[in-house]
Each structure stands twice: as C-alpha cells, then as structure tokens.
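A.B. asks: Could you have a look at this structure, given as structure tokens, before my questions?
The values are calculated or read from the model by the stated rules, or taken from the named source; none is laboratory data. Just so it is clear, the model here is predicted, and its values are computed rather than measured. Cβ sites come from the backbone with ideal geometry, for glycine too, and all protein chains shown count toward neighbours. Ligands, DNA and RNA are stripped out before the accessible areas are found, and what is left, the full protein with its side chains, is counted by its heavy atoms. Shrake-Rupley method; radii C 1.70, N 1.55, O 1.52, S 1.80 Å.
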Amino acid sequence: MLKIYNTYIHIPFCERKCNYCDFTSLKGTDSQIEKYVNYLLKEIEIYSKKYDLSEKQDTIYFGGGTPSLLPIDSLEKILSKFSYDKNTEITIEVNPKTVDANKLKEYRKLGINRLSIGIQTFNDDNLKVLGRIHNSHEAIEVYNLARECGFDNISLDIMFSLPNQTLSMLQSDLEKLVNLEPNHISIYSLIWEKGTKFFRDLKSGKLKETDNDLEANMYEYIIEFLKSKDYIHYEISNFSKKDFEARHNSIYWENKQYLGVGLSAAGYLDNVRYKNFFNLKDYYNDLDKNILPIDEEEILTEEDIEQYRYLVGFRLLNNVIIPSKKYLDKCMALCKEGYLLEKENGYILSHKGLMLFNDFISNFL
C-alpha cells in the first residue's frame, strides 16, 4: 500500500471572486461550507482505505479559494485525519480580510506553522482594479499580527504586469515588501485567463495588456532587487531566505507523488495524475456513491515520467538534471543555444532559459 507523505487540500470558497481569477471558487454560506467539509472528510476516508495515510505527513497545504474562511473546528476535523507534528510544514493560504489575532492564534494551536498571504500589491488603486477585498493597510496589519502570534514562516504573494502598472509602481511594491522581511516570496505575472472579468474587459478595450518589453524588464528587476536583499531565487516564480524554500510546492517541481483532495484538486499517486470535478454537484454525487470524485486521469508511462522530469525539474534553478540517453542530444543542443548551462555532469537553466522559459520548455513537449 502506497504511503502518503504530502497532501494538498482545496477549499473553494471566497468572499468575492477576484477579477483576474479563473480558479474554482464559490461564495459559500456557513451551511454550504459545513456541507463541503463533510464531503471532503468522506473523500479523505475513501483514500485512507486505498493508501496508507497513517504516516507522519511531511507537508499539508490548504489552498483555494480562500481557506482562511474555514471555521477553526472545520480545520481541526480535517487535520485530525492525518498524522503530523511540529516538523510537518502545514501551510494555509490567507486573505488579509479574513483573519484576526484570535484566528491566527487558533492556527498556531492546531499546528499550522506557515502562512501564505495573498497581498498581490500595496497599491490600493491597483487592489481595487484586481477586485481584492483588502487594502494595503490591512495586509500589513495582518502580517504584523501573524508575527506577534508566533509565525516564523510567512510567504507573501506579489503580482506584476498589472493593468497600467508602471515600473516605479512595482519598485514601490517591492520596497514595501522587503521592509516586512517575509521568509518567502512568490511572484506572479498577470495572466489574462478566458472566463474572467479581466479577459472580458481586455476584449472590450477597457483594459490593455502590459507591453512585452516592460513585463520582461519588470521580471528582471524583481530578480535583481530581491537577490540584492539576500533572497534566493530558487524557482522561476519563488524566492526565499536560506532554508525557507516552500517544501510542499517543491514536491511538484521534484515530480514527487502527493494526495490532492477537494473540488478541482489535482493529485499524483501510483504514477497516475488526476484532477477532481470542477462542479460541486458532480463532486458530491460521486462521494454519495462512495466513489472518488475524479474527473480526469493520466496514467503515466515510463516515458511520461521521464518527460515530466524535464518539464517541472528545470523550474528549480539550482536543480542539476542529468539527462537520459534519449534526451542528451536535446539538452546539448539547448545548451549550445544558450538556454541551459552545464553543471556537475548535467544541466541547469540559464538566464536566457529563465527569461524565455515557455519557448525553452516547449522543446520537451
């Protein structure tokens, strides 16, 4: 029986859907959230009969949506299904508007030891454009509260290439960001996803995309600025202080197996990549039949597993990949083209590969 050491738990509820978001998120009442949690517990119970969930978890990650909307007793019920201790990295994504000192203290009591706070920007006008429900003052206040409550591992999310954002606006965001001294920083370039309000506004001409050169300049500036503040650029979109890399997210990039539960959650078990239903009705219906609510499955061959090693592995910037015989010529060619650098009998991503990652990685598709 396969032993599970890493778990992702999706909580799809939000106070309000952000204008740029295409994730599965719903506005739920207290009773709807309670119902969802009960079904989530049922899904975990079904998995416990197929896999060994009794092992101490290395990481548990509550993502969303807005997991910080969950009542404390719901989080406690979910965590009770797993074995963990103080060495388990337990992360919860937090919207600044949805937590206070009492909730943060309760998180600590439960064993949650890492926060991922979605700040996105410190510019209040830009926050309104994004459709965020918090302002910059509230974001800073929650961060400081979390420190006072004993959290010593906090990640902050920042977005760039926002509508009408200038380089000076980004510089201001980064200055405020590093002044808080988070342990970890995730950066995201705005993506205009179909089905979002932003995409509709783009098509109607209300908004326009950032110039490609400006977006590239912003990304390069972020890298150089954060490196100058002693942050390690360890993954394409992630920076950390020493020893504060995101352990849970790293399992994705290292192509390791993990359990994913909840509406629209993805997982990777027994060499099968799967995605759950995106529709609550379908999710509930299968669980009512004691069937796992899986919508899509990809059974990986040895060749698929090898391909994924490159597709996700090169995202880790210091990850030396020693190619198999089949991929050696490809890696040698990409090295000659400047996308890869030779290191320790293998290859790592170069600056060119980093800046043109989508072009680079298409060579492995």
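A.B. asks: Helices (runs of 4 or more DSSP H) wholly in the range 270-347 with at least 2 residues that are basic (Lys, Arg) - which ones?
C.D. replies: 325-336
A.B. asks: Continuing with the same structure: I'd like to know if the range 125-133 contains one or more residues that are modelled with pLDDT of 95 or more and either part of a strand (DSSP E or B) or among the β-branched types (Val, Ile, Thr) (or both).
C.D. replies: No, every residue in the range 125-133 fails to be modelled with pLDDT of 95 or more and either part of a strand (DSSP E or B) or among the β-branched types (Val, Ile, Thr) (or both).
A.B. asks: Identify all residues within the range 234-269 that are hydrophobic (A, V, I, L, M, F, W, C), part of a strand (DSSP E or B) and open to solvent by less than 10 Å² (accessible area, probe 1.4 Å); write none if there are none.
C.D. replies: Matches in the range 234-269: Phe239, Leu259, Val261, Leu269.
A.B. asks: Here's another thing I want to ask about it. Hey, does the range 332-346 have a residue that's of a type in the set (Ser, Thr, Tyr), at pLDDT 95 or above, over 22 Å from the mean Cα position of the chain (by Cα) and closer than 19 Å to Asn255 by Cβ?
C.D. replies: The answer is no; no qualifying residue exists.
A.B. asks: On to the next question. For Gly64, work out the one condition from (1) in contact with a helix residue (DSSP H, G or I) (Cβ under 9 Å, 6 or more places away or on another chain); (2) open to solvent by less than 40 Å² (accessible area, probe 1.4 Å) it doesn't fulfil.
C.D. replies: Among (1) in contact with a helix residue (DSSP H, G or I) (Cβ under 9 Å, 6 or more places away or on another chain); (2) open to solvent by less than 40 Å² (accessible area, probe 1.4 Å), the lone unmet condition for Gly64 is (1).
A.B. asks: Right, next: Is the range 179-195 home to any residue that is open to solvent by 10 Å² or more (accessible area, probe 1.4 Å), polar (S, T, N, Q) and in contact (Cβ under 8 Å) with a residue 40 or more places away in the chain?
C.D. replies: yes
A.B. asks: With the structure loaded, tell me whether Tyr274 is open to solvent by less than 60 Å² (accessible area, probe 1.4 Å), touching a Lys or Arg at 6+ places or on another chain (Cβ under 6 Å) and of a type in the set (Phe, Trp, Tyr) or whether it fails that test.
C.D. replies: Spelling it out, it is not the case that Tyr274 is open to solvent by less than 60 Å² (accessible area, probe 1.4 Å), touching a Lys or Arg at 6+ places or on another chain (Cβ under 6 Å) and of a type in the set (Phe, Trp, Tyr).
A.B. asks: Do the conditions hold for Tyr219, that is, is it out of contact with any strand residue (DSSP E or B) (no Cβ under 6 Å at 6 or more places or on another chain), under 30 Å from Tyr39 (Cβ atoms), of a type in the set (Ser, Thr, Tyr) and not in a loop (DSSP other than H, G, I, E, B)?
C.D. replies: No; evaluated as a whole, the condition is false for this residue.
A.B. asks: Still on this structure: Pull out all pairs, ordered by first then second residue, where Cβ-Cβ is under 7 Å, the residues are six or more apart or on different chains, the first lies in the range 47-71 and is of a type in the set (Lys, Arg), and the second is open to solvent by less than 50 Å² (accessible area, probe 1.4 Å).
C.D. replies: Lys56/Ser83; Lys56/Thr88
A.B. asks: Closer than 25 Å to Tyr188 by Cα, assigned to a helix (DSSP H, G or I), open to solvent by less than 10 Å² (accessible area, probe 1.4 Å) and of a type outside the set (A, V, I, L, M): does that describe Tyr107?
C.D. replies: Considered against the rule, which asks whether it is closer than 25 Å to Tyr188 by Cα, assigned to a helix (DSSP H, G or I), open to solvent by less than 10 Å² (accessible area, probe 1.4 Å) and of a type outside the set (A, V, I, L, M), Tyr107 comes out as no.
A.B. asks: Something else: Pairs, please: C-beta under 9 Å, at least 6 apart or cross-chain, first residue assigned to a helix (DSSP H, G or I) and in the range 145-172, second hydroxyl-bearing (Ser, Thr, Tyr)?
C.D. replies: Ala146/Tyr107; Leu167/Tyr221; Met169/Thr121; Leu170/Thr121; Leu170/Ser161; Leu170/Tyr221; Gln171/Tyr221
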